[in-house]
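Remarks on the structure that follows.
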Amino acid sequence: MIVCPWCGTNYTEFLSNCKNCGGTIQQVERTTGPSVSERSTSVPPPAPREISNQYVWRLMMTDGWSIAAFVFSLLGGIFSLVGAGLTLGVITAFVGIPFLALGLAFLASGVGLLVWRYNRTQKVVEVLRDGVAAKGEIVDVQQNYSVRINHRYPWVIRYQFEFIGQTYTGEVTTLNPAVKEFQAGDAVSVLYLAAEPQWNCIYPHP
C-alpha cells in the first residue's frame, strides 16, 4: 500500500501525484502501509518539495476559521442583496437600510477573515515546500470539541522543536482520526523556515 506523505491518502497502486491533494509521491518498496508514527519520523525530501497549489484550499476546507469566514461571507452577501433590494423600494427603505448595513458588516468581516486565513495557509504550504527539516517531539494530542467540521471534531496536535538553542512550539489541526495514535513524547519530523522559525509544521502534514 502506498501512502501520500502530504494528506495520508492510501493507494494500492503507485501514482506520481496524489489525486486528493496533488502532492508528489515518492515510489518506495513496501507491501504494507506505514503507521502514523513511522510516517511522522520519515526524513523529508530536500527542498524545494513539489506540492500542488490547490493544496492550500484543501487545508482551508479543514480549518474552522476558514469555514466560519465562508459562512459570514455568504450571510453577508445574502443580507446585502436583500437589504439593497428593500432599500431601492422607497416604502421599505427603513427596513432595507439596516439589512444592508448588517450584510455589508458580515461581508467585510467574512472576506477579511478569509484573506487572513488564506495568507496563513499559504505560509504553511511555503513551510512544507521550502522548510528546513528538524527533529521534534509531540507535546499533546487532543480533540477540539468546540468545533465540528463535516460532523467530525478535529484533532489538534501540539509539538515542539529546537533551533539555535531556542525551543519553538507549533500546532496542527486535522480531521485525520489516525493521529490519535500519537502520544506525548513521540518523535516527529518538523519543517520550519530558517528566517522565520515561528512558521513551522509537522511533516508529513497529517
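Looking at (1) touching a residue at least 60 places away in the same chain (Cβ under 8 Å); (2) surrounded by 15 or more Cβ atoms within 10 Å (Cβ to Cβ); (3) of a type in the set (Gly, Ala, Ser), which is the one condition that is false for Ala194?
Only one criterion is unmet by Ala194, namely (2).
Before we move on, is Glu50 of a type in the set (Asp, Glu), surrounded by fewer than 20 Cβ atoms within 10 Å (Cβ to Cβ) and either under 18 Å from Leu128 (Cα atoms) or at pLDDT 75 or above (or both)?
yes
Among the listed residues Val111, Val71, Val127, Val95, identify the single one that is part of a helix (DSSP H, G or I) and free of Cβ contacts under 8 Å to residues at least 24 places away in the same chain.
One residue alone meets the criteria, Val95.
Looking only at the stretch 56-105, filter to residues that are among the hydroxyl-bearing types (Ser, Thr, Tyr) and at pLDDT below 85; which one of those is farthest from Leu128 (Cα to Cα)?
Taking the candidates together, the pick is Thr92.
Quick grid of which residues meet (1) of a type in the set (Gly, Ala, Ser); (2) farther than 26 Å from Arg58 by Cβ:
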{"position": "Leu104", "(1), (2)": "no, yes"}
{"position": "Ser109", "(1), (2)": "yes, no"}
{"position": "Val115", "(1), (2)": "no, no"}
{"position": "Asn119", "(1), (2)": "no, no"}
{"position": "Gly131", "(1), (2)": "yes, no"}
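Report yes if some residue within the stretch 176-197 is under 19 Å from the mean Cα position of the chain (by Cα), in a strand (DSSP E or B), among the small types (Gly, Ala, Ser) and more than 29 Å from Gly77 (Cα to Cα); otherwise report no.
Checked the stretch 176-197: at least one residue is under 19 Å from the mean Cα position of the chain (by Cα), in a strand (DSSP E or B), among the small types (Gly, Ala, Ser) and more than 29 Å from Gly77 (Cα to Cα).
For the stretch 132-155, name all the residues that are modelled with pLDDT under 90 and under 23 Å from Val43 (Cα atoms).
None - no residue of the stretch 132-155 is modelled with pLDDT under 90 and under 23 Å from Val43 (Cα atoms), so the list stays empty.
Run down Tyr159, Tyr168 and say which single residue is under 18 Å from the mean Cα position of the chain (by Cα) and at pLDDT 90 or above.
Answer to the check: Tyr159.
In the list Gly96, Gly76, which residue meets the criterion of being crowded, with 17+ Cβ neighbours inside 10 Å and over 29 Å from Arg117 (Cα atoms)?
Only one candidate passes the filter, namely Gly96.
So which residues in the stretch 99-150 are surrounded by fewer than 16 Cβ atoms within 10 Å (Cβ to Cβ), aromatic (Phe, Trp, Tyr) and touching a Phe, Trp or Tyr at 6+ places or on another chain (Cβ under 7 Å), if there are any at all?
Residue satisfying the conditions is Tyr145 alone.
Restricting attention to the stretch 27-37, does a residue exist that is at pLDDT 75 or above, under 25 Å from Phe161 (Cβ atoms), among the small types (Gly, Ala, Ser) and outside any helix (DSSP H, G or I)?
no
The values are calculated or read from the model by the stated rules, or taken from the named source; none is laboratory data. All values reported here derive from a predicted model rather than from experimental measurement. Quick reminder, even Gly has a Cβ in these numbers, built from the backbone with ideal geometry, and neighbours come from all protein chains shown.
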